[in-house]
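Below: the structure, in structure tokens.
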Amino acid sequence: MTGEERRAWEKQQRENRIVDMAEPVFFKNGYDATTIIEIARASGYNKRSIYLYFKDKEEIFLAVVLRGLTLLYNSLEAASKTNDLRVMGQAFFDFSLAHSDYLKLIMVYEANTCVYQSGSSAGDRPSGPYKKRCQEKTDAMSALMTRCLAGAIAGGQIKTELTPEQLMLILWGQVFGVMQIILMRRQGFEETYGMSYEQLFSTFLDMTTKTLS
């Protein structure tokens, strides 16, 4: 390892430590209520040192979001090999329960930072390192789901007049909405609604697949 490679490696390790320590702070406080001072205190660095590695709080936040997006993409990619919409829905459900803190941050990212492919010009595309990588992962996820839906439509498993992109957008909104309700009301869910949240999501998948077929 050359001296330059060594310095780059050490810099990356420090960045990783800051992200590692910032992650539970964002999980607990959310984006708006988290401060650079809190991140510095948690990571063992002072505020000035944090800025040697990250431009601002948003960049650290996006580094955390990227971890969640990567986990979600990997889950959906593995499920997509079955060419089964229900399996992909179950993969999203399992991710959401196992990584609910990531899902909450991903929703903040999608609402405030993500630039969607349709209607965006080259000048609108994100330029920061973590913003760009989050965008790339989001675009890859959209493309993955769109390809799967296009295959199902072409194969006759799904019957719709919508384009694969339009259907993907509707299903993405629906599954996020259902999971958000489940996560907000998970405590005492069965006692209140007479069914478990697992049963609710399974019913949602049954209704969705039946309607599309």
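Here the relative contact order of the chain, from alpha carbon pairs under 8 Å that lie six or more residues apart, stands at 18 percent. Membrane-span-like helices of the chain, defined as complete DSSP H segments with a Cα extent of 24 Å or more along the helix axis and a mean Kyte hydropathy of at least 1.6, are absent. Among the trypsin sites (Lys or Arg not before Pro) in the range 126-213, those located in a DSSP loop and surrounded by at most 10 other Cβ atoms within 10 Å of their own Cβ are Lys159.
For semi-axes √(5λ) of the Cα gyration tensor in Å, the value computed from the atomic coordinates appears in the list [x] 28, 19, 18; [y] 35, 22, 15; [z] 41, 17, 13 under label [y].
Among Asn112, Asn74, Asn46, the largest mean-square fluctuation in a Gaussian network model of the chain, built with springs joining Cα atoms closer than 10 Å, belongs to Asn112.
Computed over the chain with a Gaussian network model linking Cα atoms closer than 10 Å, the most mobile of Gln135, Gln12, Gln157 is Gln12. For the pair Leu52 and Thr2, a Förster radius of 22 Å applied to the C-beta separation gives a FRET efficiency near 0.55, rounded to the nearest 0.05.
Sparse packing (at most 16 other Cβ atoms within 10 Å of the Cβ) combined with a DSSP loop state is found for the following GluC sites (Glu not before Pro) in the range 129-203: Glu161. Dividing the summed helix terms, -39500 (n - 2.57) for each DSSP H run of n ≥ 4, by the number of residues in the chain produces a 222 nm estimate of -25000 deg cm²/dmol to the nearest 500. State the Cα centre-to-centre distance between the range 134-149 and the range 20-34 in whole Å. The range 134-149 and the range 20-34 have Cα centres spaced 26 Å from each other. Taken as Cα centroids, the range 155-187 and the range 60-97 sit 14 Å apart, rounded to the nearest whole angstrom. Count Lys and Arg as plus one, Asp and Glu as minus one, and take only other residues whose Cβ is under 13 Å from that of Leu103; the net charge is then 0.
Note down the magnitude of the dipole of the range 1-54 about its Cα centre, charges +1 on Lys and Arg C-beta and -1 on Asp and Glu C-beta and zero elsewhere, to the nearest 20 debye. Write out the running numbers ahead of the final one.
Working: 9 positive and 8 negative charges, 45 e Å.
In total the dipole reaches around 220 debye.
Laboratory data are not the source of any read-out in this text; all were calculated from the coordinates shown. Because the structure is predicted, anything quoted here is derived from the model rather than measured. Because the Cβ atoms are built from the backbone with ideal geometry, glycine has one as well, and the counts that use them run over all protein chains shown.
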